[in-house]
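These notes concern the structure reproduced below.
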Amino acid sequence: MLRPLPHSGGAPVSHKRLVVVGGGAAGFFGAVNAARLSPGLEVVLLEKSAKVLSKVRVSGGGRCNVTHACFSIPDMIRRYPRGGNFLKKAFAHFFTSDTIEWFRERGVALKTEDDGRMFPVSDRSETIVDCLVHEANRYGVQILLNREVRGMRREDRRFLLDTSGGPLDADAVLIACGGYPKAASFAWLEALGHTIEAPLPSLFTFNMPGHPITELMGVSVPDAQVKIAGSKLVERGPVLITHWGCSGPAVLRLSAWGARELADKAYDFTLLINWVPAHTQDEVRSLFQQMRAEQGSQAVTKRSLWGLPQRLWQFLAASGGIPDGMRWGDLPAAAQNVFIRHLCALELTVKGKTTFKEEFVTCGGIRLAEVDPQTMASRRVPGLYFAGEILDVDGITGGYNFQHAWTSGFVAARAIADLQPLSHR
């Protein structure tokens, strides 16, 4: 057990103890930077599980999607369904270019893929983990595993933490324990005076139990448009058909933007998919007419149009009542109309959701109006800071949630170290 510090105040925080709650990306980054920027600061990191940086290890299929190659703050904040305006101020202090440079200075080069996602050149998340752990060792960060915080109170300008390993006190506390799936888990933070925005899932896939489209599991379309019927929620991009329903980047982004609205619907809604969003319905109809005139003897299902997967093409044709082997020249007008409608606006009933592996994040958390984006300091409790997913900030897939973690962790660390603005390193 750590030796409790004497309960005397007055000295600057850089000569005292910081306790960081949470050993994920935000907490770890905050801890190592606070220790680096303030050599006299004792930094103690508490992790409730037996391993730190768990999500870093598994993200991006084990490659770690560190950030996104977006270098415009106005463009970047549009990737966050919640918290964009808050991050606009925080990104002014530590942004994507700063993340790239921070890791580069420590021997970790990042590369950009075609979709803008950035990974370590090694394609191994352990490269990022090893870098952060090395920094923690270099600057003397004390890491305590299997140490859960059960409660916390402020007394005589200090914090008293009740942990599973015994009591611990601190002069400053950085809360970076990630998002909680249930509102009741935030009770210890509410007790400090903070307001919690209701936690809800974000970045999830859509379940379509019993729908025949699930027989096409594994089929993917690189460019499709997905829309929630009766709403303004719409996204475009890759769509993947799974054995439980629909997934892929477009679906995940749609779930993020619609996190609260879809929860209000109890995840029971109609999804509209346009499989050929690059073409208007009139253009689709025109090509059908051309096929009838020029390829009348060819079977409708023999060859797909617009590069659609053959299995999907056959499924859409069959759903329109077109039997296998029917020729273009014999295609009834009614069946053609149904086929076109299914190509441009296939209706699928969604009932339920499924967590998308390691990409799952929580919508909700500490109300942003109660936190200073310039320092990540609580506006309610002196000496208390927040970073990462515990805040009501969440991004779509593509490295955006990690960038929020790095930014909020760094901004909090610099404020805790009580330093003047630096060069963001």
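Only strands (runs of 3 or more DSSP E) whose full extent lies in the stretch 179-274 are considered here, and the ones with at least 2 residues that are surrounded by fewer than 22 Cβ atoms within 10 Å (Cβ to Cβ) and not assigned by TED's automatic domain parsing to the domain that holds Gly320 are 196-202. Just to be sure before I move on: is Ala50 at negative phi, in a loop (DSSP other than H, G, I, E, B) and modelled with pLDDT of 90 or more in the structure I sent? It is true that Ala50 is at negative phi, in a loop (DSSP other than H, G, I, E, B) and modelled with pLDDT of 90 or more.
The number of residues in the stretch 288-299 that are farther than 16 Å from Arg341 by Cα and either surrounded by 13 or more Cβ atoms within 10 Å (Cβ to Cβ) or aliphatic (A, V, I, L, M) (or both) comes to 6. With respect to the conditions (1) at pLDDT 95 or above; (2) in a loop (DSSP other than H, G, I, E, B); (3) of a type in the set (Ser, Thr, Tyr), Thr349 falls short on a single one, namely (2). Which is surrounded by fewer than 18 Cβ atoms within 10 Å (Cβ to Cβ) and in the same structural domain as Lys111 (by TED's automatic domain parsing), of Arg154, Arg158, Arg147? After ruling out the rest, the residue left standing is Arg154. Annotation: Phe360 fulfils all but one of (1) modelled with pLDDT of 95 or more; (2) out of contact with any Ser or Thr (no Cβ under 6 Å at 6 or more places or on another chain); the unmet one is (1).
A single member of Val108, Val133, Val141 is crowded, with 21+ Cβ neighbours inside 10 Å, modelled with pLDDT of 95 or more and more than 30 Å from Pro222 (Cβ to Cβ), and it is Val141. Take the residues in the stretch 108-132 that are in a helix (DSSP H, G or I) and touching a residue at least 60 places away in the same chain (Cβ under 8 Å); name whichever of them is nearest to Lys51 (Cα to Cα). Residue satisfying both the conditions and the ranking: Val129. Note on the stretch 397-415: residues that are over 20 Å from Gly248 (Cβ atoms) and among the hydroxyl-bearing types (Ser, Thr, Tyr) total 2.
Just so you know, in the stretch 369-386 the residues that are without any contact (Cβ under 8 Å) to a residue 40 or more places away in the chain and either part of a strand (DSSP E or B) or hydroxyl-bearing (Ser, Thr, Tyr) (or both) include one that is farthest from Ala90 (Cα to Cα), and it is Ala377. If the condition is being closer than 18 Å to Gly27 by Cα and among the small types (Gly, Ala, Ser), then the stretch 152-190 contributes Ala170, Ala172, Ala176, Gly178, Gly179.
Scanning the stretch 331-356 for residues that are surrounded by fewer than 15 Cβ atoms within 10 Å (Cβ to Cβ) and farther than 19 Å from Thr214 by Cα, we see that the one that is nearest to the chain's Cα centre (by Cα) is Asn337. Of the listed requirements (1) over 18 Å from the mean Cα position of the chain (by Cα); (2) modelled with pLDDT of 95 or more; (3) under 30 Å from Arg150 (Cβ atoms), Val219 misses just one: (3). Got a number for residues in the stretch 326-340 being within 20 Å of Leu216 (Cα to Cα) and not aliphatic (A, V, I, L, M)? Counting residues in the stretch 326-340 that are within 20 Å of Leu216 (Cα to Cα) and not aliphatic (A, V, I, L, M) gives 1.
The values are calculated or read from the model by the stated rules, or taken from the named source; none is laboratory data. Being a predicted model, the structure only gives us computed values, none of them experimental. Please note: Cβ atoms are built from the backbone with ideal geometry, for glycine as well, and neighbour counts cover all protein chains shown.
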